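Written out below as C-alpha cells is the structure these notes cover.
Every read-out reported here was derived from the displayed coordinates using simple, explicitly stated rules and does not represent laboratory data. None of these values were measured; they are calculated from a predicted model. Here Cβ is always computed from backbone atoms with ideal geometry, including for glycine, and neighbour counts include all displayed protein chains.
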Amino acid sequence: MRLVLLGPPGAGKGTQARMLAERFGAAHVASGDLLRTAVKEKTPLGLEAKSYMDRGALVPDELVLKLIQEHLDSANGGRGFILDGFPRSVSQAEALNRMLKGRGVSIDKVIAIIVPDSEIIKRISGRRTCRNCGAMYHVIFDPPRNPGICNECNGELYQREDDAEDTVRMRLEVYAAETKPLLEYYRRAGLLVEVNGVGRPEEIQEQILAALGGENAKVRDARIK
Ligand code: AMP
C-alpha cells in the first residue's frame, strides 16, 4: 500500500496516517516528524530547517527530499508507506514521481482530508504534542489522562512553536498557495480521493477505507493467504 495524505495543518493527517500504517503494516513517513527529530538532534539539516519551520514556511526542497529519500529506502522493502506532509508542492510531487520511478513503484491513492480553516484554528490552538513519541492531544477534545503527560510513553506534552495562532495562519496561507494545487495535480492523475475531515478519527478512517475499496480488499486477501 503506497498512499499520500494531503490536507491543511491540523486536518488529522498524522492520526489517520498512523491508523492506516498500523492496519496495512506500512511505514508511516511524516516529513514534519522527521524534520522535528532533526531539529531536536541538532543535525546540520535540522539546524538549517529550524528557522523555516518556526515561521511556518516550507523548508527548501533539497533538505526535505534528502530526508524522504532516506526513509523511502528503508520503507521500500516492507509493505509500502503512508506519506504524511510530503509532497507539499507540485515540485515535490514531481520529485516524488522520479524517486518512485527509480524504484519501480507508484502511488496507489492520494487522500485529501478536507477541513475548513475556522475548524483548523480551533483544533491547532489546543493541540499538545508529546516531545518523546510525537503523539497528539487536544486540551478540550482529546485531553491526556494526566495533564501534560503522554498516555503512550509518559513523555512531556508541549505546544509546538509553530502551533501559535499567527504561525498557524501563515501555515494555512502556505497550504493554500503551495499545497492546494496538488489536489488538482493528483485529480488529473486519477489518484485523488477527498474525504470530509470533520468528525471522529474512526469515522474519517472508515471513509478512507471505503475510498480505498478494492485495494483494501486486496491487502486483506494477501494477508489471509
Ligand atoms: P507538519 O508537522 O507536517 O505540520 O510540518 C511542520 C513544518 O515542517 C511545516 O510547517 C514546514 O515548515 C516543515 N515541513 C514539513 N513537511 C514539509 C515538506 N514536505 N516540505 C517543506 N517543509 C515541510
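Mind listing which trypsin sites (Lys or Arg not before Pro) in the stretch 62-167 are in a DSSP loop and have 12 or fewer other Cβ atoms within 10 Å? Walk me through the intermediate numbers first.
Numbers: sites: K66, R79, R88, R98, K101, R103, K109, K122, R123, R127, R128, R131, R145, R160; in loops: R79, R88, R103, R131, R145, R160.
Passing both the DSSP loop test and the Cβ count: R103, R145.
I want the antiparallel fraction of DSSP beta bridges within the stretch 24-181, as a percent rounded to 5.
Details: 8 of 12 bridges.
For the stretch 24-181, the DSSP antiparallel bridge percentage is about 65.
Let me see the P(r) profile for the stretch 70-181: every Cα-Cα distance counted, bins of 5 Å, each bin given as a percent of all pairs.
2, 10, 15, 16, 15, 17, 14, 8, 2, 0
Determine Rg/Rh for the stretch 9-67; Rg is computed over alpha-carbon atoms and Rh is the Kirkwood hydrodynamic estimate from the same atoms. Don't skip to the answer; put the middle values down first.
Working: Rg = 12.8 Å, Rh = 12.4 Å.
Rounded to two decimals, Rg over Rh is 1.03.
Order the peptides 111-121, 201-211 from the highest to the lowest mean number of other Cβ atoms within 10 Å of their residues.
Details: 111-121: 16.9, 201-211: 15.1.
Peptide ranking by packing, descending: 111-121, 201-211.
Considering the options S89, M99, S125, tell which one lies farthest towards the positive end of the dipole of the chain, charges being +1 on Lys and Arg and -1 on Asp and Glu at the Cβ, about the Cα centre.
Among S89, M99, S125, the one farthest towards the positive end of the dipole of the chain is M99.
In deg cm²/dmol and to the nearest 500, what is the mean residue ellipticity at 222 nm of the chain if only DSSP H runs of at least 4 residues count, each as -39500 (n - 2.57), divided by the residue total? Before the final figure, lay out each step's value.
Working: 9 runs with 113 residues, N = 225.
Value at 222 nm, helices only: -16000 deg cm²/dmol.
Say the dipole of the chain comes from +1 at the beta carbon of Lys and Arg and -1 at that of Asp and Glu; which of A211, M1, L67 then lies farthest toward its positive end?
About the Cα centre, the residue reaching furthest to the positive side is M1.
Tell me the trypsin sites (Lys or Arg not before Pro) within the stretch 22-54 that lie in a loop according to DSSP and have at most 12 other beta-carbon atoms within 10 Å. Spell out each step's value before the answer.
Working: sites: R23, R36, K40, K42, K50; in loops: K42.
Passing sites in the stretch 22-54 are K42.
What Kirkwood hydrodynamic radius, in Å, does the chain give when the mean of 1/r is taken over all pairs of distinct Cα atoms and then inverted? Mind showing how you got there, number by number?
Details: mean 1/r = 0.0555 Å⁻¹.
Result for the chain stands at 18.0 Å.
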